[in-house]
């Protein structure tokens, strides 16, 4: 197979990059390991036609997020704020208002303070919280809040990079939105008119004089250049190899790939034999379930767990008594209900993802820059890992990285 450009990965960044290159008249082949497009955009559609639930990217952040224009304003709905909010702490299910009671500062206000004044370069979020006197139980809730929002331990997170990422995405505005019919609509729209080889992972990219060859499960694709959008650990762990007559990838880039891990993530939709009586979101401070949601009149409970909670939830779903006990704790109305269905997205064990997303850890800024840099005007890199610490590692960051990689490649081709 022959093309002008090979794109490895059909997630948001790969699709955005391929679309831009195709609009410029280039022939592009996208190779995707999965049997679907979207990458970490993964939507659950109930069989009865009920509202969709997101097993990957959850919401569209900001009223000026480019997703609005891509899917159409008529498809965007504001995430409702009128919802019963609960927490679980020390096994007790309580109103979330307790997080701001008795002189305690709720974790979202602490994070807002970090955005304004993150402290000296090199400091961690954990150190920042300690310096602000966040003691138990306030500090415990804040620690878990950061774990669930950033998929990393607070002591590993760079306070300055967290603040910089929020500032870097300030242009998208405020608010949270959902795509009516499911976030996967974005991926399907981006994929239109593209040549995408599904279920065809790239195992090796060979760099040859003036061209590249991608060896996949089904054959070989030759092109002038390749854009790699897989997460860094896929390369670091050897699932994708880059070879050439000389070292095709500088040692510094390979080392950088090993220094940019993704945080663990596990999502699950549990369908029950009973319908929820109310719209509820529960924040599990105990670190067993992450954020848990249900909607009035629907039998599904959605778990979105990161960091340590991802491992706890992964273990719970394997044992019916453990899952039932967790459900009853986070959503007491489920007591006595039976599990009628279970759909999971185990991002931490997915070989082509290896986690939820890339958190801005202390000391990783140089590794991110090295990972994002092109190699010999032939290999280009995109994906949310390439913007970590300068933008939020969510869909808008992935889209922007794909556009940036396309611009880099087009500039090189124009000068050849």
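Numbers below:
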{"item": "Unmet criterion (only one of (1) over 27 Å from residue 98 (Cα atoms); (2) in contact with a strand residue (DSSP E or B) (Cβ under 6 Å, 6 or more places away or on another chain); (3) crowded, with 22+ Cβ neighbours inside 10 Å) for residue 290", "result": "(1)"}
{"item": "Pairs with Cβ under 9 Å, 6+ apart, first in segment 6-34 and at positive phi, second assigned to a strand (DSSP E or B)", "result": "9/30; 9/31; 9/202; 9/227; 9/228"}
{"item": "Close pairs from segment 89-100: first touching a residue at least 40 places away in the same chain (Cβ under 8 Å), partner assigned to a strand (DSSP E or B) and crowded, with 16+ Cβ neighbours inside 10 Å, Cβ under 6 Å, at least 6 apart", "result": "93/86; 96/86; 96/87"}
{"item": "Qualifying residues in segment 213-228 (those that are touching a residue at least 40 places away in the same chain (Cβ under 8 Å) and in a loop (DSSP other than H, G, I, E, B)) - the one farthest from residue 1 (Cα to Cα)", "result": "224"}
{"item": "Condition broken by residue 74, with the remaining ones in (1) within 23 Å of the chain's Cα centre (by Cα); (2) under 14 Å from residue 178 (Cβ atoms) satisfied", "result": "(1)"}
{"item": "Residue list for segment 300-332, restricted to those being crowded, with 17+ Cβ neighbours inside 10 Å, in contact with a strand residue (DSSP E or B) (Cβ under 8 Å, 6 or more places away or on another chain) and assigned to a helix (DSSP H, G or I)", "result": "309, 310, 312, 313, 314, 323, 324, 327, 329, 330"}
{"item": "Matching residues in segment 374-411 - criterion: being out of contact with any strand residue (DSSP E or B) (no Cβ under 7 Å at 6 or more places or on another chain), over 16 Å from residue 150 (Cβ atoms) and in a strand (DSSP E or B)", "result": "375"}
{"item": "Any hit, segment 349-357, residues being modelled with pLDDT of 95 or more, outside any loop (DSSP other than H, G, I, E, B) and more than 15 Å from residue 157 (Cα to Cα)", "result": "yes"}
{"item": "Output for segment 33-56, where each listed residue is over 17 Å from the mean Cα position of the chain (by Cα) and either crowded, with 18+ Cβ neighbours inside 10 Å or outside the structural domain of residue 214 (by TED's automatic domain parsing) (or both)", "result": "33, 45, 46, 47, 48, 49, 50, 51, 52"}
{"item": "Failed condition for residue 75, given (1) more than 13 Å from residue 185 (Cα to Cα); (2) touching a helix residue (DSSP H, G or I) at 6+ places or on another chain (Cβ under 9 Å)", "result": "(1)"}
{"item": "Filter result for residue 227 (more than 30 Å from residue 136 (Cβ to Cβ), touching a strand residue (DSSP E or B) at 6+ places or on another chain (Cβ under 6 Å) and in the same structural domain as residue 377 (by TED's automatic domain parsing))", "result": "yes"}
{"item": "Segments classed as helices (runs of 4 or more DSSP H), wholly inside segment 55-161, with at least 3 members that are under 23 Å from residue 306 (Cα atoms)", "result": "107-116, 125-131, 138-150"}
{"item": "Filter pass, residue 345 being assigned to a strand (DSSP E or B), crowded, with 19+ Cβ neighbours inside 10 Å, touching a residue at least 60 places away in the same chain (Cβ under 8 Å) and not assigned by TED's automatic domain parsing to the domain that holds residue 165", "result": "yes"}
{"item": "Flag for residue 215 being at pLDDT 95 or above and loosely packed, with under 15 Cβ neighbours inside 10 Å", "result": "no"}
{"item": "Single residue of 261, 277 found to be within 25 Å of residue 98 (Cα to Cα) and surrounded by fewer than 22 Cβ atoms within 10 Å (Cβ to Cβ)", "result": "277"}
{"item": "All positions within segment 106-137 that are surrounded by 13 or more Cβ atoms within 10 Å (Cβ to Cβ) and modelled with pLDDT under 90", "result": "132, 134, 137"}
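The values are calculated or read from the model by the stated rules, or taken from the named source; none is laboratory data. Remember, predicted model here, so these are calculated numbers, not experimental data. Note that each Cβ is placed from the backbone with ideal geometry, even for glycine, and that neighbours are counted across all protein chains shown.
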